[in-house]
1. Residues in the range B:98-124 that are modelled with pLDDT of 85 or more and either more than 21 Å from B:THR173 (Cα to Cα) or in contact with a Phe, Trp or Tyr (Cβ under 9 Å, 6 or more places away or on another chain) (or both): how many?
2. I want to confirm something. Restricting to the range A:183-193 and keeping residues that are surrounded by 13 or more Cβ atoms within 10 Å (Cβ to Cβ) and in contact (Cβ under 8 Å) with a residue 40 or more places away in the chain, which single residue is farthest from the other protein chains (Cβ to nearest Cβ)?
3. Using the structure shown, decide if B:VAL154 is part of a loop (DSSP other than H, G, I, E, B), surrounded by fewer than 19 Cβ atoms within 10 Å (Cβ to Cβ) and more than 14 Å from chain A (Cβ to nearest Cβ).
4. Criterion first (aliphatic (A, V, I, L, M), closer than 24 Å to A:MET355 by Cα and touching a residue at least 60 places away in the same chain (Cβ under 8 Å)) does A:LEU37 satisfy it?
5. Any residue in the range A:133-140 that is surrounded by fewer than 18 Cβ atoms within 10 Å (Cβ to Cβ), within 14 Å of chain B (Cβ to nearest Cβ), assigned to a helix (DSSP H, G or I) and within 22 Å of the chain's Cα centre (by Cα)?
6. Condition (residue is over 23 Å from the mean Cα position of the chain (by Cα), more than 14 Å from every other protein chain (Cβ to nearest Cβ), within 30 Å of A:VAL219 (Cα to Cα) and modelled with pLDDT under 85) applied to the range B:393-408: is it met by at least one residue?
7. Looking only at the range A:257-294, count how many residues are surrounded by fewer than 19 Cβ atoms within 10 Å (Cβ to Cβ) and either in a loop (DSSP other than H, G, I, E, B) or in contact with a strand residue (DSSP E or B) (Cβ under 6 Å, 6 or more places away or on another chain) (or both).
8. Would a scan of the range A:216-230 turn up a residue that is within 14 Å of chain B (Cβ to nearest Cβ), in contact with a Phe, Trp or Tyr (Cβ under 9 Å, 6 or more places away or on another chain), under 30 Å from B:ARG360 (Cβ atoms) and in a helix (DSSP H, G or I)?
Amino acid sequence: MADERIPFATRAESTVLGADEIILNMGPQHPSTHGVLRVKLRLDGEKVIGSECVIGYLHRGVEKIAEHRSYQQFAPYVDRMDYVAAVSNGLGYCEAVEKLLGTEAPLRARVIRTILTELQRIASHLFWLGTHALDIGALTPLFYCLREREEILKIYEKYCGARLTTHAFRIGGLQYEAYDEFEKDVERFCTPFDKRVDEYEALLTENRIWVGRTRGIGVLTAKEAIDYGASGPVIRASGVKWDIRKAMPYAAYDLYKFEIPTGQNGDTYDRYIVRLEEMRQSRLICLQAIENIPAGPIMGKVGKVLKPPPGEVYHAIEAPKGELGYYIVSDGTTQPYRVRIRPPSLINLEAFDKMIRGHLVADVVAVIGTLDIVLGEVDR
Amino acid sequence: MHTLIEFAKPILVPLICAVVIVAVLPLVAGYIVLLERKLMADMQARLGPMRVGPHGLLQPIADAVKLLLKEDIIPEEADKAIFWVAPLISVTVAMLAMAALAIGPWFQIADLNIGLLFVMGIGALGIFGIVLGGWSSNSHYSLLGALRSAAQLVSYETAAGMAIVGGLLLAGTLSTREIIQTQDDYGVWFIFAAPVGFFIYAVASIAETNRAPFDLPEAESELVAGYMTEYSGFRWALYFLAEYTNMVVVASIATTLFLGGWLRPFAGTKAFDFLDYLPSLLMLVFAGYCFYRVPKQPVKIQQAVLAAVGLLLILLAGILAAPLLVPAGSLVADAKAGLHGAFWFLLKVGLYLYVFMWLRFTFPRYRFDQLMHLGWQFLVPLSIVNVMGIGLALVLHRQWGWGHLPAFGLTTVLTLAVAGWLAWAGEKKEKQRAIVGEEA
């Protein structure tokens, strides 16, 4: 178990009392590593003096599979990466291929995509909030969060028949027209939703125990966050106003007004606050979007067989967890020559050791939770 | 014959009580678990166990059978003898502690003159079961859980003990029976004389029983299941039983010392005698609800079970009402003290446990260092101040002739002021620590 090759902390900064350190394997089967993450912890008593994340238990070779599928065939695979936010994954991939083809989806399709993606952001954040609170020991918020997430999943089910791995979008636009009650359903969910967020806040935000457990834990300064390439709520909580929806607008985000919430301290508490505020902002985007969904076609003019011209493209979107990028190289055939995916979870997870060192075992779960990782995406 | 009964009575009655406790407590613990799951479900917008029996009423029995039938796994590397004995220690001492507690004036195994001291002492032995179990499992999670548990229990035992001392000063005796008698004589429960002491005991007792928000030894999200990680089947069930028995024990101590034990609210006031009918009325209401729900059960057998529960409740209502309806002097009328005493005692224990559960569903978990801070830097000093405050109040009352209200009011305000100061100082220190931490 004690592997000498592990690039752990040096001996000098280790145990205070000169006692032997314990190496604790957290995971891959552990209730709160959110899947099959394995964390090797070096402990001095309960203090973490070094850590290493061992990943790859869920590796399915998604990038390699892409090289043997046509462009359309690969689209459902990306849903299986971040399975908590499948719609966002699909959006990133479809837009990347559209960029490669040199086309753009019609405005109506883009607006509907925006609504569904923002709902997905809310769903993903809700799931994060519930499990994160559960890790820290608050049992109840999980069920309130799942209650609301269920509403969103119902909208997906009505729209495309699937709830989790939806494959909602097609390259060039949408396959399905929005169903009759679509706007009404979205509105019915969004209108009372900020009250629901208030409910979660009532349980947690000013709870002394919650604040004690999260404030000052897993601090990432702005510079460190940039150096690690962190993105999404993780970097925003460190005070960097970086949101691809604003920086490089895609879909229909340039049509709507919304704020980018940021934190100052870059600790677990700030990331919590930032994500809650993002849910409120996503709600506002949805409400703006359903007010006026433009008429028109939902599918652009792309052929049945996609043969993008040789070349390469990088397209990134702001997935719920951060910058989700697709780098696609085409050699002019029907199958991509190479697809490289930049998963936000993996890049954010790299900061884990920096964030946890010096904290206690109990904080490990708080930090894993606050990074909001999905192992399907980390391992691909 | 009569002399024989008289001769055997001192032995027989405690023996029967002991058998009842050992036989009934596991069942009660099972139903406390069911109640907890139901309450949790209610607060979390779901239904909870619904499958086994109507509204899951038979769930605890199904759980017990499942646990009995499970394969008994002892890890290869474990210290087998200790692994085998550890849960037994836990559950035995938990049940032993029940020996000195009086559930109503009739139901008590032994009226020890050192009553509460015995309960506290025996209760503290339970830690052996946890530490030995964690150590013998030969697993990191178990060891960490056991160590946490030991540290936590030792810390909070201090605070709880000091809080109890406050109550004992008021009672002037350690015997559980006499403590309640004193409260009857005073005409006021000790929670009103020493509210701060009750608060300290409540917090410390949650920590002592390893319940959320102090459930670090078995923090699922961190240590899988703490000291119980390697246990399965019936041995695990024994730990579980010990935990819930301990809950009942601490709730009983709190009830005895602070909540007036088996006394009815306003026990000494004639005007409130109508409260005597409350127990039967409550049972009738529950029975009525059961009958109301009967037609809504989907399966015949569930309807039958629910109706049976309703009938049982009506029977209980009858038993509780009988002593009030017959003329005084007969044996049935004399049973009032025992029956109603048990009812009020169990009701108070139940309410105390309800608060335990409520806290569990609401709060996140403390971190270990925060737990120690709260214990040693807030609760322990406060409990000492509380003892001094109660002493002062007694001096004011007994020697200077102050009334109850001004004496205890003054000291409670003083103690609360100290509590505020402690909290403020702790906060300040925490901030300083954070600043130092940033520089370093």
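1. 0
2. Restricting to residues being surrounded by 13 or more Cβ atoms within 10 Å (Cβ to Cβ) and in contact (Cβ under 8 Å) with a residue 40 or more places away in the chain, the top hit is A:GLU183.
3. Criteria not met by B:VAL154.
4. yes
5. No, every residue in the range A:133-140 fails to be surrounded by fewer than 18 Cβ atoms within 10 Å (Cβ to Cβ), within 14 Å of chain B (Cβ to nearest Cβ), assigned to a helix (DSSP H, G or I) and within 22 Å of the chain's Cα centre (by Cα).
6. Checked against the condition, which is being over 23 Å from the mean Cα position of the chain (by Cα), more than 14 Å from every other protein chain (Cβ to nearest Cβ), within 30 Å of A:VAL219 (Cα to Cα) and modelled with pLDDT under 85, the range B:393-408 yields no hits at all.
7. Final tally of qualifying residues: 9.
8. Scanning the range A:216-230 turns up no residue that is within 14 Å of chain B (Cβ to nearest Cβ), in contact with a Phe, Trp or Tyr (Cβ under 9 Å, 6 or more places away or on another chain), under 30 Å from B:ARG360 (Cβ atoms) and in a helix (DSSP H, G or I).
The values are calculated or read from the model by the stated rules, or taken from the named source; none is laboratory data. Because the structure is predicted, anything quoted here is derived from the model rather than measured. Using ideal geometry, Cβ is built from the backbone for each residue, glycine included, and neighbour counts are taken over all protein chains shown.
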